[in-house]
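J.: Have a look at this one.
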Amino acid sequence: MKTWNKKEISRDQVLALHNKYKLGALEASIFTRRAVTAGSDLLYYLEDDTRFLNKPFEFSQMEDAVDRILAAVDEGEKVLIFGDRDVDGITATAVLYEQLKRMDLDVSWRLPSGDDAYGLSVAAVEDFAKDYGTLLITVDCGISNYAEIQRAQELGISVIVTDHHNPPEKLPAAEVILNPKLSDSGYPFAEISGCAVAFKLAQALRLSQTELYKQDICLLNIRDDTVVECLKLRNMVKRKSFEKDFSDGTSSLASSGLLEFLRGEQIFVWDAPKVSAALKNLFGNGVEFNLFDVRPEAAKIIPSVSNASLQKLSGLSKIALYFDQAGSELEAFYNIFVTYLDKKVAQSFPSIKACDERDLQLVMLSVFSDIMPLKNENRIFARKALNIINQGRPRSGLTEILSRQGLLGKKVCAKDLGWNVIPALNAAGRLGTPEDSLNLFLAESADQREDYAQKILDHNEERKRLENASWDFLGGRPEKSLQKFNGKFCLIVEEKIHRGVVGRIAAKLVQRTGVPSIAITKIDNDYLGSMRTARGVHCTDFLDKFGDIYINHGGHSGAAGFSLTAQNFEIFQQKFGAIVQALELGADEDQIVDIDAELTPQYVNDDLINVVDLFEPYGNENPELIFMTKGVRIAGGQVVGKGERQHLKLYLEIGKQKWPALWWDQGALYKTEFNDGDLIDVAYNFQRNTFNGREGRQLQIIDARRS
């Protein structure tokens, strides 16, 4: 029996969110119950402007990566982008390839194809060398390819690694590594996808085409007539700051360090006459500061700031609403300055915005496909891209696949992509032809894209057939494995599992057993395995416990893959029992129903979808809202579905309305546990239901019990 958990919350905390962020009482209570109360977290639910994304040059090695690529442009070098075969790798390849093509580079791409293993291979490196290639850029892979990158060095090939997988202890000797999970990456958010890393590189390359690239800029402000505060920027990223109060007269200009801080800098101010007068009052007429007044230039692009002081702007700043420290005058200056530069670049280079819109849709696919946590900038990646699609501007390739799946013209959400689009795109890679999915996005003609879209859907049907056939081979072995490992793990080794669906089988094992699971198949003399997590087990940490026995392995906390020689597979099996025995599992989350809000009947109406939309997109670390309503009458029902999967469709009286409600896999409960006329308490999601072009509302039951 499932446990329903409705967390107690503070009325004062709900009221504080309601007042500060102008949230409705229901929304404020849900945020509080989900512990999303800090402004730095709420920002990513309430905003979707791309100016709230982290800056590309926050990667400490981003400038090095850009300079190396610009050198390749100048020297006419041959460049290879090597991506992985899943959706994250395919989208990352597409994003970077399109950007390098715009820069007129001699660039090609390669993905693991056929029976190739995931990730970079020595064969790919050597083939590129034979083709006189000199710069190799990995996307969504490379961080674990020590030997392959060493071979590239031996052949005179420079390597830039862009990846997001957990780094090993010994890093490859690449010229540049962009990976947010490195301790010295400089990037403020580690949990972005491989495609997002490639997108950041593409954005940085676009900025390098403007006059802003490598510009050293210093913002200067005088606060309270005596406090001099300065902030150095490079590539629109904060680098150094200075603050000194000269009111007590004990510090001279020379001894304060201000002149040294400003030496050689372009000094930007807001309201130059006022700042100049304040500087003269502090230091006399003998010192001249060469100041550039930003305000009149910014006013041409943002008219509302034409007469505003920094003090006023600090009170109006959206960022100040979410970050208390952002209320300072210097922080307000930085925020308005960066906004002004963003808008200026967009006006001067309109193609940049168009490129960002196209790329964001691919980043969104990678966020959902790699099950990235839907917090921080991942929410803006996904939310902004979904808005672009739902406003009728899906990018080439995505248009064709959405059309063939009947999703154009309806409001597309994360679930539509997760159930339909992403599995189809992944199917090509699972069956050894990831290039079909990549070509869907890169093909120039609509006819070509239509052909690739059909190929991808055909691949997906074949994937389903292989997955079902592979699953049928297992019979009752998952339960036997669960028993063997004391209910802590499920391990299946079966040569008949098709290599392309081994990850899918691992995921199905988790669904069936509720514990971490590994599926392993055999390819020639080697073993290929895939792990999926449950109950808080970290996949790569678990695999690392076996030591250095893998041909290759890698992944994330939630999913990982590996390959083994036959000899090392024996070692793996010998160690497995003891390692699992020491494993500590967290709570079984499938048995806990976390209630977001208890609703009385009058609150269950069509407008409830607006609350649901506020928390979109849903996914990892942001599950769908679960509401609870008590004393609901069953007005009728029926069992639906074919074969083994029998679902229950009920009609529930809530207030004056009857709501259709679907309960997956629970058809056997009708006329046994629940009958027409029964009063029940129900936990449910509130959803859109589109049928024959008409949109309605429905409930999806999570659990129910007699009132």
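The values are calculated or read from the model by the stated rules, or taken from the named source; none is laboratory data. All of these numbers come straight from a predicted model, not from anything done at the bench. So basically every Cβ, Gly included, is an ideal-geometry build from the backbone, and we count neighbours across all protein chains shown. These accessible areas exclude ligands, DNA and RNA; they are computed on the full protein's heavy atoms, side chains included. Shrake-Rupley method; radii C 1.70, N 1.55, O 1.52, S 1.80 Å.
J.: Under the rule of at least 5 residues apart or a separate chain, name every residue whose amide H is placed under 5 Å from the amide H of K6.
T.: When sequence neighbours closer than 5 places are left aside, the close amide H contacts are I595.
J.: What order do you get for 526-535, 295-304, 586-595 when each peptide is scored by the mean count of other beta carbon atoms within 10 Å, highest first?
T.: Taking the mean over residues of other Cβ atoms within 10 Å, the ranking is 526-535, 295-304, 586-595.
J.: OK, next. Pop out the ³J(HN,Hα) list for the stretch 296-306 in order, Karplus 6.51 cos²θ - 1.76 cosθ + 1.60 with θ = phi - 60°, rounded to Hz; leave Gly and Pro as x.
T.: x, 6, 5, 5, 5, 9, 10, x, 5, 9, 4
J.: Based on Cβ point charges of +1 for Lys and Arg and -1 for Asp and Glu, what charge dipole magnitude is obtained for the stretch 1-82 about its Cα centre, in debye rounded to the nearest 20?
T.: Here the stretch 1-82 has a charge dipole of around 980 debye.
J.: Still on this structure, please answer the following. If every alpha-carbon in the stretch 577-621 counts as one equal scatterer, what log10 I(q)/I(0) does Debye give at q = 0.31 1/Å?
T.: Debye intensities relative to I(0), on a log10 scale: -1.13.
J.: Here is a follow-up. Leaving ligands, DNA and RNA out of it, report the carbon-plus-sulfur percent of the accessible area of the stretch 587-701 at a 1.4 Å probe.
T.: Ligands and nucleic acids excluded, carbon and sulfur reach 45 percent.
J.: Roll a 1.4 Å probe over the protein chains and send me the accessible area per residue for the chain in Å².
T.: Each residue of the chain exposes 45 Å² on average to a 1.4 Å probe.
J.: For the stretch 262-267, just list the computed ³J(HN,Hα) in residue order, Karplus coefficients 6.51, -1.76 and 1.60, θ = phi - 60°, integers in Hz, with x standing in for Gly and Pro.
T.: Taking θ as phi minus 60°, the curve returns 8, 4, x, 8, 7, 9 Hz for the stretch 262-267.
J.: Okay, next question. Could you tell me which residue out of A196, T134, W109 lies farthest along the dipole of the stretch 109-216 toward its positive end? Charges go on the beta carbon: Lys and Arg +1, Asp and Glu -1, centred on the Cα centre.
T.: Result: A196, furthest along the dipole toward the positive end.
J.: Also, quick follow-up: Apply the a/c threshold of 1.5 to the C-alpha gyration tensor of the stretch 292-432 and tell me whether it is rounded, prolate or oblate.
T.: prolate
J.: Sort out for me the Cα centre separation of the stretch 140-184 from the stretch 328-397, rounded to whole Å.
T.: First find each Cα centre; the distance between them is then 27 Å.
J.: Skipping prolines and chain starts, which residues have an amide H placed within reach, meaning under 5 Å, of the one on I702, given they are 5 or more residues away or on another chain?
T.: A683, Y684, N685
J.: Still on this structure, I have one more. Within the stretch 116-250, what whole-number % of the accessible surface is contributed by carbon and sulfur, with the 1.4 Å probe and all protein chains included in the calculation?
T.: Of the solvent-accessible surface of the stretch 116-250, carbon and sulfur hold 44 percent.
J.: In sequence order, what are the phi-derived ³J(HN,Hα) couplings for the stretch 142-153 according to the Karplus relation 6.51 cos²θ - 1.76 cosθ + 1.60 with θ = phi - 60°, rounded to whole Hz, with x for glycine and proline?
T.: Taking θ as phi minus 60°, the curve returns x, 5, 9, 8, 4, 5, 5, 6, 4, 5, 4, 4 Hz for the stretch 142-153.
J.: Using a cut-off of 19 Å between alpha-carbon atoms, which lysines can reach K343, once sequence neighbours fewer than 8 places away in the same chain are excluded?
T.: Counting by Cα, and skipping residues close in sequence, K343 has these lysines nearby: K55, K200, K214, K238, K300, K318, K353, K384.
J.: For the chain, with the dipole built from +1 on Lys and Arg beta-carbon atoms and -1 on Asp and Glu ones, taken about the Cα centre, which of F57, Y334, L599 lies farthest toward the positive end?
T.: L599
J.: Calculate the dipole size of the chain relative to its Cα centre from +1 charges on Lys and Arg beta carbons and -1 charges on Asp and Glu beta carbons; express the result in debye to the nearest 20.
T.: Taking the Cα centre of the chain as origin, the dipole is about 2080 debye.
J.: Moving on. Pairs of alpha-carbon atoms within less than 8 angstrom and 6+ residues apart define the contacts here; what relative contact order does the stretch 430-543 have, in percent?
T.: In percent, rounded to a whole number, it is 19.
J.: Report the relative contact order of the stretch 324-410, percent, no decimals, based on alpha-carbon pairs under 8 angstrom and at least 6 residues apart.
T.: 21 percent.
J.: What percentage of the solvent-accessible surface of the stretch 269-347, computed with a 1.4 Å probe over protein heavy atoms, is contributed by carbon and sulfur atoms?
T.: Percent of accessible area from carbon and sulfur atoms in the stretch 269-347: 50.
J.: Based on the alpha-carbon set only, what is the convex hull volume of the stretch 597-674 divided per residue, in Å³?
T.: 124 Å³
J.: Quick one: order K343, K170 from most to least accessible surface, probe 1.4 Å.
T.: Reading off the accessible areas and sorting them downward yields K170, K343.
J.: Over the stretch 140-251, what is the relative contact order in whole percent, taking alpha-carbon pairs under 8 Å and six or more residues apart?
T.: Averaging sequence separation for qualifying contacts and normalising by length gives 16 percent for the stretch 140-251.
J.: Another question, then. Identify the trypsin sites (Lys or Arg not before Pro) of the stretch 1-96 meeting these criteria: DSSP loop state and at most 16 other C-beta atoms within 10 Å of the C-beta.
T.: Within the stretch 1-96, the qualifying trypsin sites (Lys or Arg not before Pro) (loop, at most 16 other Cβ atoms within 10 Å) are K2, K6, K7, K22.
J.: Right, here's the next one. Are there chymotrypsin sites (Phe, Trp or Tyr not before Pro) in the stretch 463-509 that DSSP puts in a loop and that have at most 16 other Cβ atoms within 10 Å, and which ones?
T.: F473
J.: Pull up all non-local amide H partners of N689: gap of 5 or more, or a different chain, and H-to-H distance under 5 Å with H placed in the peptide plane.
T.: The answer is G696, R697, Q698.
J.: Hey, another quick one. Of F674, L70, T226, which is farthest towards the positive pole of the chain's charge dipole, taken about the Cα centre with +1 and -1 on the beta-carbons of Lys, Arg and Asp, Glu respectively?
T.: F674
J.: Another question about this same structure. If you place +1 on the Cβ of every Lys and Arg and -1 on the Cβ of every Asp and Glu, how big does the dipole about the Cα centre of the stretch 261-351 come out, in debye to the nearest 20?
T.: The calculated dipole for the stretch 261-351 is roughly 200 debye.
J.: Quickly rank 639-647, 596-604, 90-98 as a protection proxy: mean count of other C-beta atoms within 10 Å, highest first.
T.: Highest mean packing first, the order is 90-98, 596-604, 639-647.
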